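Take a look at the structure below.
No value in this document is a laboratory result; all are computed from the given coordinates. Computed from a prediction, not measured in an experiment: that's the story for all the values here. Note that each Cβ is placed from the backbone with ideal geometry, even for glycine, and that neighbours are counted across all protein chains shown.
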Amino acid sequence: MNWLSRRDYDKNNDLFSSFRKRVNSLFDDFLSDSPVSMKNFDFEPTVDIDEDEKNIYVKADLPGMNEKDIDISINNNVLTIKGERSEEDEDKDKNKHRIERRYGYFERSFSLPEHVVTDKAKAKYKNGVLKLEIPKDEKKAKSKKISIEAK
Amino acid sequence: MKERHDIMNNTNISKEHYISPLCDIYEKENDYVLRAEIPGVPKENLEINMDKGILEVRGKVEDENLLPSIRKDVAVIYRRAFKVSNDIESEKISATIKNGVLTVSLPKSEKLKPRKIKVEVS
């Protein structure tokens, strides 16, 4: 199983990540149908992923959003969470002392293992946390035993 | 108060993990507004204290918002303190929480508020 999203890869390496962004922008035009989109984004929400026997759990911190502004899709076993967060209207023309929170477009993608039932995935947004539950297909998940024929 | 104290010091939890929440601070005509990101903290787990000019915000993330494999061992707590200037009416501080964002309103004291000065004709 591979939980590393393409974007997470070399996330800690600024030199490579800026290089990668530039390469990605070159490919943007003719790779627009790619399951992992390579658009520019303003921030990346923190995401935790976990699993047990039955489900895969994905949790994303997305405080200060409305459900309708969060878009979740699974395409070719790639899970994508994207959306846009904007400042509260009443804050826009205020005298700003400190802005640490991030606003704008975000997107994160993760490749899922083969044996998930994507139709039965469930999502909940509460207290600023998005929680996804993706059930596993138990039949597919079982490991196959291969017997060796004796000659 | 005692109940809250118990939430924060649950003996079953072996590790406390503290996070400093990201904050925006705005100034309005009559008050300062602080917005802090505390995703996963329900209203009842939140504690806001004002003591000796220090405003402390503390909120424990609800267990169901932690991943199943870690929720037994770890408590995640958002915590941050701010020094508040003397020109704030500390008795009138109010707070609301919505979708994981805490908003604290700190009203300016009367003498700081902008006011018009009437010119009297002598």
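Could you please let me know if A:TYR105 is within 13 Å of another protein chain (Cβ to nearest Cβ) and on the phi < 0 side of the Ramachandran plot? Before the answer, list the steps.
Numbers: within 13 Å of another protein chain (Cβ to nearest Cβ): no; on the phi < 0 side of the Ramachandran plot: yes.
Answer is no for this residue.
Residue under question is B:PRO114, and the condition is that it be touching a residue at least 60 places away in the same chain (Cβ under 8 Å), more than 20 Å from B:GLU16 (Cβ to Cβ) and part of a strand (DSSP E or B); does it hold? Can you show your working first?
Numbers: touching a residue at least 60 places away in the same chain (Cβ under 8 Å): yes; more than 20 Å from B:GLU16 (Cβ to Cβ): yes; part of a strand (DSSP E or B): no.
The answer is no for B:PRO114.
Can you pull out the residues in region A:108-151 that are among the β-branched types (Val, Ile, Thr) and within 14 Å of another protein chain (Cβ to nearest Cβ)?
A:VAL129, A:ILE134 - these are the residues of region A:108-151 that are among the β-branched types (Val, Ile, Thr) and within 14 Å of another protein chain (Cβ to nearest Cβ).
Yes/no matrix, rows are residues, columns are (1) under 17 Å from the mean Cα position of the chain (by Cα); (2) touching a residue at least 12 places away in the same chain (Cβ under 8 Å):
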residue: A:ILE74; (1), (2): yes, yes
residue: A:ARG85; (1), (2): yes, yes
residue: A:LEU112; (1), (2): yes, yes
residue: A:ASP137; (1), (2): no, yes
residue: A:LYS144; (1), (2): no, no
